[in-house]
Amino acid sequence: MYKLKIRLDSKDFPAIEPLLYELISWGWEEEESRDSKILTIYFDVEQNGQNFRNQMLEQCPDARVIEETFSDPSDWENAWREFFRPIDIDGRFQVLPDWLSTDDKDRIPIIITPKMAFGTGHHATTHLCLQALSRLHDQALPGPGTVFLDLGTGSGILGIACAKLGMSGLGLDIDPVAVENARENIKNNVVQENFKALEGDISALGPGSKFNLILANILSSTLNQLAPDIVKHLSSPGVLILSGILTEQADAVAHRYRQFGLGEPLMLKRDEWSALIWIKGTSKDEPERLVA
């Protein structure tokens, strides 16, 4: 395992965060001081880490590498233990690492074994999806018997949340490591009957496959590319939640999906990130109360 630690000015972080999100799908650690950030990133292949280091320094020349080490891959879990803490989402979910337990009876536990797959709830994009799910649930949306698709499932966190809310569905990811991690998390959360994770992209679905809820927490460029396929598989009534979108990109993504028949989305924001939510086939006033 290769560990890379980089310090950069806080003002430079928004410029490189899309690069992080694109290339470090399994997540990273952030430490923040008054005017700087320290990023800690783990790679299972040293060369991949060095390639990322070079790209980052090219894009942000003022950044400074403060640590580069190589260790046994078994240290991955120990590294995560240093900074993975329980996180509360909207008063409904509590995301926990598998080495902690909870007596909290007011929140739904989601147990995540952190490996090299994106999705612990700590990143704003995942947080927004879980928040959207919570608020949809308050409005009884998308409704009983919901069948969901978690596209780019990563650790499986979003599909597990859906399953624990009584839905059933499928998670897809092109990364075999992510699929393996999702399956482990599915088992640890005892939702195997309601949620399956498979390797593949949206093209693996049959042309007639329809879902009452589709979640996709992936890059905005990929969301734009997949727009016709995603909309094709969304049933009516149905709910679509898109995340992984910088707020400055949200209008362009919304415009892209309007081209395929969806109306104006609702929006949730956290830090510089946004999630877009479409409620298809319901009255206009009901989804407006969702975010209020």
Taking segment 25-61 and keeping residues crowded, with 18+ Cβ neighbours inside 10 Å and in contact (Cβ under 8 Å) with a residue 40 or more places away in the chain leaves S25, W26, G27, Y42, F43, G49, F52, R53, M56
Within segment 188-227, restricting to residues that are among the polar types (S, T, N, Q) and in a helix (DSSP H, G or I), the one that is farthest from L262 (Cα to Cα) is N188
Screening L151, L165 for residues that are buried (at least 24 other Cβ atoms within 10 Å of the Cβ), touching a helix residue (DSSP H, G or I) at 6+ places or on another chain (Cβ under 7 Å) and modelled with pLDDT of 95 or more leaves only L151
Being out of contact with any helix residue (DSSP H, G or I) (no Cβ under 7 Å at 6 or more places or on another chain) and either within 22 Å of Q94 (Cβ to Cβ) or assigned to a loop (DSSP other than H, G, I, E, B) (or both) narrows N181, N185 down to just N181
Within segment 215-267, of all residues that are in contact with a Lys or Arg (Cβ under 7 Å, 6 or more places away or on another chain) and of a type in the set (S, T, N, Q), the one surrounded by the fewest Cβ atoms within 10 Å (Cβ to Cβ) is S236
Note on segment 129-173: residues of a type in the set (V, I, T) and more than 15 Å from the chain's Cα centre (by Cα) are T146, V147
Only one of Q47, Q59, Q55 is under 24 Å from N181 (Cα atoms) and more than 18 Å from the chain's Cα centre (by Cα), namely Q47
Just one listed residue, out of V179, V190, is buried (at least 18 other Cβ atoms within 10 Å of the Cβ) and among the hydrophobic types (A, V, I, L, M, F, W, C), and it is V179
Practice prompt. With respect to A140, determine if the residue is more than 19 Å from S220 (Cβ to Cβ), free of Cβ contacts under 8 Å to residues at least 12 places away in the same chain and of a type outside the set (K, R).
Written response: yes
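The values are calculated or read from the model by the stated rules, or taken from the named source; none is laboratory data. As the structure is a computational prediction, the values presented were derived from the model and not from experiment. Quick reminder, even Gly has a Cβ in these numbers, built from the backbone with ideal geometry, and neighbours come from all protein chains shown.
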